[in-house]
Structure formats: structure tokens, C-alpha cells
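S.K.: Following this message is one structure expressed as C-alpha cells.
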Amino acid sequence: MKIEGRTFVISGGASGLGRACVEDICAKGGYVAILDMNEELAQDVVNEIGGGKAKFFEANVLETESIASAVKGALAWSEQTGKEIGGVVAAAGVSTPAKIIDRDGNPFSLDDFDFVMNVNVRGTIDLVRQCLPHIAKTKPVGEDGERGVIIMVASSAAFDGQPGQGKSILRYCAQFADISEVAYSASKGAIASLTLPMTRDLARYGIRVVTVAPSLFDSRMTAMMSDKVRASLTKVMEFPLRPGKPHEFAQLVTQGIENIMLNGVVLRLDGGMRMPSKM
Ligand SMILES: NC(=O)c1ccc[n+]([C@@H]2O[C@H](COP(=O)([O-])OP(=O)(O)OC[C@H]3O[C@@H](n4cnc5c(N)ncnc54)[C@H](O)[C@@H]3O)[C@@H](O)[C@H]2O)c1
């Protein structure tokens, strides 16, 4: 799928990995509808991109109606610009780290579990589900008749999830990155597992599905990491000995959009790092 001249819907596009995708797609001549809860951050991105190539639509992916009105706005915008919807990057996600039972033997909160599952799984599926009828009606392009691409975000936690809160390093890291626990791992595992059946459902429409599973990536919080914490994390890395950079994530996402042979796959993006049980 050629990025130039197409509109992509990106949830979580106001910050971190989603924001890097907005920047890359716009740099390649695409247009981006940013769906996010954080208006202030999203407007910063829109202003930085400039040229009317990115537009913010407020959405809380926990609420179907909120997604519906943002998708409606994004479609109206794409009609206005004449740049058809080419795909979705579902990057909105959360984590609330907790051990399944705490040190006093109390089980973790089901409300927290539901929250993580609802944002990361239901929110992803709801957004994709609401965009698909429109993508499926776009004019097929190229010799293969491609209509669109769905990019979802899993995590290395789908495969080697960390224990919940415990050591201070895990508590600290959980704020900014992919130090996971039961709910987060379950949610990202679900995204990885639904990639193939979704691919099979959508093949007849010329729509592909690609999931990216990053490990530890820089975000706003990473800048605050102490040398000690960074050194502990570096010990469990292979190469390179550093967290990934958002633009390296965006690079794989744009490749996922552009390379028609990428389909029905979960791509680990982790520099060979495997999260250990203990650090
Ligand atoms: N940074 C990492 O190390 C890392 C690693 C693996 C996977 N991931 C995944 O990548 C995705 C992006 O993470 P990030 O590090 O860029 O985080 P981030 O916190 O920088 O960005 C997440 C964005 O999602 C938005 N968001 C959160 N809840 C929302 C909701 N209910 N409705 C709409 N928008 C909502 C936030 O406002 C924010 O803009 C997430 O799915 C995360 O689980 C991140």
C-alpha cells in the first residue's frame, strides 16, 4: 500500500510510538487522523506536522460512541481532502502493573484487569471494527487489488511477560515501558492471537493485518531513567544495548503498510532481548 495520498487512522497518535508513526507517515506524503484522549499532546503533533496533513479527533477507545464519532469525523475529513482511508494503526494502550496476589495474599483488582483488557483489546478491536466497513468499500489498488492495512501493537509481553510489581526497578519501569504483568501480557497475547484469524477474515477484501510486538522502547518517561536503572536493563539486552527508539518502531510500521507480502504476522521488534523472570 502506497502511503502517499492516503489517510491513516492512528489511535494513541498523540504520544510515544503512535506519534512516531504519525510523523513517519506524514513525512512519506500520507495523511493521519489522530484518535486520542489527550487533546493537548495531539494538537502539538498536529502543529508540528503542519500543512494540514494531520488532524486530531478526540476519542476514548473504551467508548464505542466516542470511537464512532471520531471515525465519522476522520471519514468526513478524508472525503474533504480526497485522500482515501488506507488503514489503521491501533497504538493506544495502557498498563497497570500488579502481582496477581500481593505480599499479604490479596488477589489483584478485577477492575484493573478489565481496564487493561478493555483499552488494549476491546479498544483495538472496536476501532478496527468501525473502520473496516469503510476500508472494505474503497477502490482496490494495484495489480493485487489491495484496499488497506491494519497494524496492531502487541508487545514482547505477549511471549515473555514480566512479573507484576515487586522490585523497585520493575515498579519504576512499568511507568514508562513494557515491564508487564498478567493483565498486560494477557491483553497483548490476545492481540497476537487474533492477528491470524483477522487476516483470514479480511483476505477476500484485499486488507492485510500486521502486528508489531516491541520490547522496551523510549518514551517520554525513559528520559528520566537513572544510570543505575538503565544499566540493569542493559544487562538483559542482546544488541543494541539500549531501548528502541520510537522512529525505529515507526520504520517497521511503515514497512508493514508498504510491503504487501507482510500479512498475518506478529513481528517482534526487540533487538533479540528476552525479558527474564527476575532482574
Ligand atoms: N514503549 C514501550 O516500551 C512499549 C513496548 C511494547 C508495547 N508498547 C505498546 O505500544 C503502544 C503505545 O505505547 P507508548 O509507549 O507509545 O505509550 P504512550 O503512553 O506514550 O502513548 C499511548 C497513547 O495512547 C493514548 N491512550 C491511552 N488510553 C487511551 C484511550 N482509552 N483512548 C484513546 N487514547 C488512549 C494516550 O493518550 C497516549 O497518547 C501501547 O499499546 C503499548 O502497550 C509500548
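The values are calculated or read from the model by the stated rules, or taken from the named source; none is laboratory data. Since the model is a prediction, treat every value here as computed from it, not as a measurement. As a convention, Cβ positions derive from the backbone with ideal geometry for all residues, glycine included, and neighbour counts pool all protein chains shown. The protein model used for the area step is the full one, side chains on, heavy atoms only, and it has no ligands, DNA or RNA in it. Shrake-Rupley method; radii C 1.70, N 1.55, O 1.52, S 1.80 Å.
S.K.: Name the one entry in 20, 68 that is assigned to a helix (DSSP H, G or I) and open to solvent by less than 10 Å² (accessible area, probe 1.4 Å).
M.R.: Numbers: 68 fails: open to solvent by less than 10 Å² (accessible area, probe 1.4 Å).
Unique residue meeting the criteria: 20.
S.K.: Say whether the condition of being within 14 Å of the ligand (Cβ to nearest atom) and within 13 Å of the chain's Cα centre (by Cα) is met by at least one residue in segment 39-48.
M.R.: Filtering segment 39-48 for residues within 14 Å of the ligand (Cβ to nearest atom) gives 39-46.
Now restrict to residues that are within 13 Å of the chain's Cα centre (by Cα): none.
No, that holds for no residue.
S.K.: Go through segment 50-65 and count every residue that is open to solvent by 40 Å² or more (accessible area, probe 1.4 Å), at negative phi and without any contact (Cβ under 8 Å) to a residue 40 or more places away in the chain. I'd like the intermediate steps shown before the answer.
M.R.: Of segment 50-65, the ones open to solvent by 40 Å² or more (accessible area, probe 1.4 Å) are 51-53, 55, 58, 62-65.
Those still in the list that are at negative phi too: 53, 55, 58, 62-65.
Filter again for without any contact (Cβ under 8 Å) to a residue 40 or more places away in the chain, leaving 53, 55, 58, 63, 65.
Matching residues across segment 50-65 total 5.
S.K.: Considering only segment 95-111, state which residues are open to solvent by less than 40 Å² (accessible area, probe 1.4 Å) and either closer than 20 Å to residue 151 by Cβ or free of Cβ contacts under 8 Å to residues at least 24 places away in the same chain (or both).
M.R.: 95
S.K.: Still on this structure: Read through the list (1) of a type outside the set (Val, Ile, Thr); (2) assigned to a loop (DSSP other than H, G, I, E, B); (3) away from the ligand (no atom under 14 Å from the Cβ), then give the number of the only condition that residue 198 fails.
M.R.: It is condition (2) that residue 198 fails.
S.K.: Of the conditions (1) in contact with a Gly (Cβ under 8 Å, 6 or more places away or on another chain); (2) in a helix (DSSP H, G or I); (3) open to solvent by less than 10 Å² (accessible area, probe 1.4 Å), residue 86 satisfies every one except a single condition; which number is it?
M.R.: Every listed condition holds for residue 86 apart from (2).
S.K.: Further question on the same structure: Looking at (1) touching a helix residue (DSSP H, G or I) at 6+ places or on another chain (Cβ under 7 Å); (2) within 13 Å of the ligand (Cβ to nearest atom); (3) open to solvent by 30 Å² or more (accessible area, probe 1.4 Å), which is the one condition that is false for residue 122?
M.R.: The number of the failed condition is (1).
S.K.: Just checking, does segment 70-90 include any residue being more than 19 Å from residue 20 (Cα to Cα) and among the aromatic types (Phe, Trp, Tyr)?
M.R.: Yes: one or more hits.
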